[in-house]
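Chemist: Here it is: the structure, laid out below.
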Amino acid sequence: MTENRPQPVARLRGVTKSYVEVDRTREVLHGIDLELARGEFAVLVGRSGSGKSSLIHVLSGIDLPSSGHVELFGEDMSRASEERRTDVRRRRIGLVFQFFNLLPTLTIEENLLLPLELCGKLDAAGRRRALELLDAVGLSAMRTKFPDRLSGGEQQRAAVARALVHDPELVLADEPTGNLDDHNARAVLGLFSRLLRPSGKTLLMVTHSAEAEAIGDRVFELHDGRIAPRARSQSK
Amino acid sequence: MISLLSRASLRYLTRHPAQLVLAILGVAVGVAVVVGIDTAAASARRSFELATRAISGDATHVVRGTPSVPESVYTALALEPHRPPAAPIVQRSLALVEPRSRTLDLLGVDPFAEGPFRSYTSGGAGFDGAALLRGDGAWLSAATATELGIELGDELVFLVGSQRRSLRLAGMVEPSTELARSALSDVVLVDIATAQSLLGTRGELSRIDLVLPTEPTALAESTARLSRLLPESCVIEPASRRSETLAGMTRAFDINLRALGFLALLVGVFLVYNTMTFAVVQRRPLWGTLRSIGATRGELFRRVCAEALAIGLTGTVLGLGLGLLLAQALVKLVTQTINDLYYVVSVRELSLEPAVFAEAAALGIGATLLGALFPALDAMRTAPRAILDRAAGEARLRSRIGVLALAGFLAAALSILLLRASGDNLPLGFAALFLMLFSAALLVPGATSLACRVVAPLAGLAAGSLGRIATRGITSHLARSSVAIAALAIALSATAGMGILVDSFRATVVKWLDTTLVADVYISSPSTFSNRESALLSAQLVERMSADSRVIGTTSFRDIDLELAAGDKVFATAAALHPKSRDAYRFLEGDPAVIWPAFTTRDTLIVSESLARHRSLSPGSTLEVRTREGVRPFEVLGVFRDYWSDQGWAMLARETWLRNWGDERISALGLFLAPGADVDATIASLRAAVPSGEIVKVRSGTELEAASMEIFDRTFSVTRVLRLLAGVVAILGVVGALLAMELEREREMGVLRAIGLSPAGLKRVVLGQTGLLGALAGLFAVPIGIAVALVLILVINARSFGWTLDIQISPRVLLETFALALGSALIAGAYPAWRMARLSPAQTLRGE
């Protein structure tokens, strides 16, 4: 750690997360320490139930840690109000889900415009950016369609575009290729590299896929709720 | 052992307690309304039958006369060598004013003739028949005396006509049978001479009870022999005739009450359908999984039906209990209306009729199963893959919108045909009304889809993507939203229809009273019935009032019952009309220029619209009326507009009355004052001039109108309660529907939260959607409500009561309907909105 090192985008210190179930308390994250630097692509791997999604939720402010600190863009999110966390999320974070989660009642274009509207950027420039992104993910022709008219791969490309449309500094992707075939998975990973790298955005991607692992600058492994750096896989 | 399928379904229900409770409540309220109304009406009917039967005792026949039976008839019967058992009776409903206000039946009997008729008047414990003969003595049942808080020797003050008259409690009867106990609870028993003296009807009897042979030949022979002893004004008729006639009077009232009950149940069926649809649709993935692992279609169908049966049974049992509580409240309103308009009855206890319970249970369970049938068939018929796809059900509905709309138009056309073809048949009129509501329900999905298409761009302009999400959420969940909208729209259209009916009725009556009540001052006795002046004014009072120097003209009325040759009765008024009063009559048939000259000189009468309709009378037709001189034809001269009585009534000239019956007493007086006379000052001095001991009402036309409208409003209090209940059922339905709809959208809402929508924003989305749903329901309820009102006014009311009403569609009722729809939807949406806003997005998304 040096004095002129830039401030990390995200910093987790001793984060734990536990869920109260019917007859027991289940701790899914144990003392997580993690820093994500600006422009960094980090990949988080781990088996099902290892706490990967919980980590994404805590990091995005969707959920609060049971203990420890979550700092986003220099602000302690673990002490922030619900409103503040929502505000940070809508302006500075983009989320991609395994099951796409496009709003079924909005067209593809409207799905992209929604984050802009939420953060008050629905102006001509914002609309232009949405169209450019649609073009970039190859969905210009589908912009007036509703999500149920698109294939899984197309929906996920639209979801990636939606996550980027409001120009977030941090993109969190939870198994973005987990529900796609190889061809579509490669296309989505290609989009991340193509659209995020040049603009210096930070990505934390949770994945099972070795191919996805390959695009990361750093790879972490989450095992039984504990995080540890991992050596690159052979596929890199 | 409970099967795994059953266990899964049970767990589903218990894990969605709010939906389960709402479904059960929906069925329960629907059943409760039916049980409540039927039990209240049946209790009033049963009390009346019991009282009539107990008072008639073992009499098989009675001698009746018009206006009464001369006492000499009884003497003639007593001298007949083969005379049957006979007992003279004087009976009248009287208002007890002290020790407390209550209506009691005064029953004057001859204790020596009572033996074969009524056991409680000749041998009940504590009863001393001979004591009856002593002057002003009266007997009450011990229970009634306790209720009134009086003891032996205490005074009972009655209002007889316009006069206060007293009796003294001379004894208490403790009847040995339940029937007698029930009958005597509202009876004050006196010697016949005491009754005649009290009522001022010396030499007159109300009837003579007879026990005639039951064998037909002997009966015919006996009737013929006795009839020869009777004057022309008297007739022998079966003892049951009176109760049949009186019960027949309330038939239309009963049918209308039952129809209102069914309406609430109809809304309940929608609610159950709604709930079961949600319960099935929400578990599409589960059905899909079960089908994939080998559950048969039949098993799924039976599972859904078993759930419906469990909900139906629980709701029905709860509804039966709630219904009894409701009946306790409704019975007061129902008996109040019957007492105001038809006959005196007091209900001491609810009559629990197994048929009512069986009918309500069958309706509750049947309606629930019917509501579940289509969702169950839907779950059964769908292939496993399609079941797993939630959108498949919606897509199916969207593809069927056209077919549904076509079916809706066909059903509407059929209901119009049925209305036209059903003539005067009231139940068929109701069937057509329900078919019309059903047709409206079929049109709702199409109308909703169309409306949302129009609203979506506007919502987008007003509220951006969130507006679009709210709007399109309705069309994307059309299978659920349209049922919720239909249930709300139909419940509110029914209440709007009733509101328009009551408004139209009220406006018509106000207008009619304004034109009819032309006299400046009205004088009448406090009457047992609010629409009949059955009590008489004293001659001294009439003379004093008419002689006031400010009075320049009078109109007098005598309310009577005309005995028809066929044995039934018609309400009538013998009137001496001031020219201004004559001018106030609006004839629907007949020419006033022809009517009035013939009215006083010949045996003629004019009839109200209701009577004309009930008895198919028109100018030129005749009514065979039993007079003092025997049966005579009375020609109908005209049909006038009138709203005093749904049974209708006839008016004959005082001259005609005197010619045929010879009774000069009057029951109400209208006074016309000299121009410039101060009405209030005149009323004050007339009140001061009322002879002591007499109680009369001296009122201005305005006061009489206000009193009439008070009774009008009281009559519709049952309708108001039922409107409220239909509204409650609708709100329960819409709460359930919205809750289930929003629960189904949890993930979508979770995503919105995840990408940055604040809890407040989410609340706005949910409330926007539920508000739009309510607004659409309100929008649809307005035209449906107007259609319902037209059917109620032009068909149901006309067939039930025979009245022509001016249709008055007040913007207030329509706005109220819309506001109620919007308000109830917003209230109903508050919980889902609150719940969604508190929803943890992490929890929702964790499913991934």
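Chemist: With the crude spin-label approximation of a point 7 Å out along Cα→Cβ, what separation in nm comes out for A:Ser48 versus B:Ala431?
Modeler: Reported label-point gap for A:Ser48 and B:Ala431 is 5.9 nm.
Chemist: Shifting gears a bit: Please compute, for peptide A:109-119, the average count of beta-carbon atoms on other protein chains lying within 10 Å of each residue's beta-carbon.
Modeler: That average works out to 4.
Chemist: Add +1 for every Lys or Arg and -1 for every Asp or Glu among the other residues with Cβ under 14 Å from the Cβ of A:Val15, and state the total.
Modeler: Charge balance in the 14 Å sphere: 0.
Chemist: Another question, then. Once the Cβ-Cβ distance between B:Thr217 and B:Glu147 is put in as r, and R0 is 60 Å, what FRET efficiency do you end up with, to the nearest 0.05?
Modeler: 0.80
Chemist: Still on this structure, I have one more. Per the Kirkwood treatment, what hydrodynamic radius in Å, one decimal, follows for segment B:60-238 from the mean inverse distance over all distinct Cα pairs?
Modeler: Averaging 1/r across every pair of different Cα atoms and inverting gives 17.0 Å.
Chemist: Can you pull the one-decimal nm distance between simple spin-label points at A:Asp148 and B:Arg720, each 7 Å off the Cα toward Cβ?
Modeler: Result: 4.7 nm between the two label points.
Chemist: Under a point spin-label approximation (7 Å from Cα along Cα-to-Cβ), what is the A:Glu75-B:Arg15 distance to one decimal in nm?
Modeler: In this crude spin-label approximation the distance works out to 3.7 nm.
Chemist: Something else about it: Under 25 °C and 0.890 mPa s, how fast does segment B:505-625 diffuse according to Stokes-Einstein, given a Kirkwood radius computed over C-alpha pairs? Answer in µm²/s, whole number.
Modeler: 148 µm²/s
Chemist: Strictly over 26 Å apart at the Cα level, which of B:Lys580/B:Lys697; A:Lys121/B:Lys763; B:Lys511/B:Lys580; A:Lys52/A:Lys201; B:Lys511/B:Lys697; A:Lys52/A:Lys145 would you flag in this model?
Modeler: From B:Lys580/B:Lys697; A:Lys121/B:Lys763; B:Lys511/B:Lys580; A:Lys52/A:Lys201; B:Lys511/B:Lys697; A:Lys52/A:Lys145, over 26 Å: A:Lys52/A:Lys145.
Chemist: Arranged by the count of other C-beta atoms within 10 angstrom, fewest first, what order do B:Cys452, B:Cys305 take?
Modeler: The most exposed by this proxy come first: B:Cys305, B:Cys452.
Chemist: Based solely on C-alpha atoms, express the radius of gyration and the Dmax of segment A:115-208 in angstrom.
Modeler: Over segment A:115-208's Cα set, Rg and Dmax evaluate to 13.0, 39 Å.
Chemist: Per residue of A:74-87, what is the mean number of Cβ atoms on other protein chains within 10 angstrom of that residue's Cβ?
Modeler: Mean shielding by partner chains, rounded to a whole number: 2.
Chemist: Which of B:Leu106, B:Leu790 comes first, and how do the rest follow, when ranked by fewest Cβ neighbours within 10 Å?
Modeler: Exposure proxy ranking, most exposed first: B:Leu790, B:Leu106.
Chemist: Assuming a viscosity of 0.692 mPa s and a temperature of 37 °C, what translational diffusion coefficient in µm² per second does Stokes-Einstein assign to segment B:138-228, Rh being the Kirkwood radius over Cα pairs?
Modeler: 207 µm²/s
Chemist: Relative contact order for segment A:10-229: what percent, with Cα pairs under 8 Å and sequence separation of 6 or more?
Modeler: For segment A:10-229, the relative contact order is 30 percent.
Chemist: Now for a separate question. From the P(r) of the protein assembly as shown, can you give the percent of Cα pairs sitting at distances over 57 Å?
Modeler: Distances greater than 57 Å cover 36 percent of the Cα pairs.
Chemist: For segment B:469-521, what percent of Cα pairs sit more than 19 Å apart?
Modeler: That tail contains 58 percent of the Cα-Cα pairs.
Chemist: Could you give the spread of the C-alpha atoms of segment A:45-107 along their three principal axes, from largest to smallest, in whole angstroms?
Modeler: 36, 31, 17
Chemist: Could you tell me whether segment A:126-176 comes out rounded, prolate or oblate from its Cα gyration tensor? Rule is a ≥ b ≥ c as square roots of the eigenvalues, rounded for a/c under 1.5, then prolate if a/b exceeds b/c, otherwise oblate.
Modeler: oblate
Chemist: Additional query: When you look at the Cβ of every residue in A:93-104, what mean number of other chain Cβ atoms sits within 10 Å?
Modeler: Shielding by partners across A:93-104 averages 5.
Chemist: Using helices alone, I'd like the mean residue ellipticity at 222 nm for the protein assembly as shown: each DSSP H run of four-plus residues gives -39500 (n - 2.57), total over residue count, nearest 500.
Modeler: -18000 deg cm²/dmol
Chemist: Right, here's the next one. Based on alpha-carbon atoms only, what is the radius of gyration of segment B:690-835 relative to the globular estimate 2.2 N^0.38 Å?
Modeler: 1.61
Chemist: Do you know the relative contact order of segment B:60-238, to the nearest whole percent, from alpha carbon pairs under 8 angstrom that are 6+ apart?
Modeler: RCO, segment B:60-238: 38 percent.
Chemist: Taking the inverse of the average 1/r across all pairs of different Cα atoms in chain A, what Kirkwood radius in Å do you get?
Modeler: Roughly 18.2 Å, rounded to one decimal.
Chemist: Using R₀ = 56 Å, calculate the FRET efficiency as 1/(1 + (r/R₀)^6) where r is the Cβ-Cβ separation of A:Ala37 and B:Leu410; round to 0.05.
Modeler: It comes out at approximately 0.20.
Chemist: Here is a follow-up. Quick one: order B:Arg15, B:Arg472 by neighbouring beta-carbon count within 10 Å, fewest to most.
Modeler: B:Arg15, B:Arg472
Chemist: Roughly how compact is segment B:526-695, stated as its Cα Rg over 2.2 N^0.38 Å to two decimals?
Modeler: Taking N as the residue count of segment B:526-695, the ratio is 1.09.
None of the figures in this text is laboratory data; all of them are computed from the coordinates on show. Quick caveat, the model's predicted, so the values are computed rather than measured. Neighbour counts run over all protein chains shown; Cβ positions are idealised from the backbone, glycine included.
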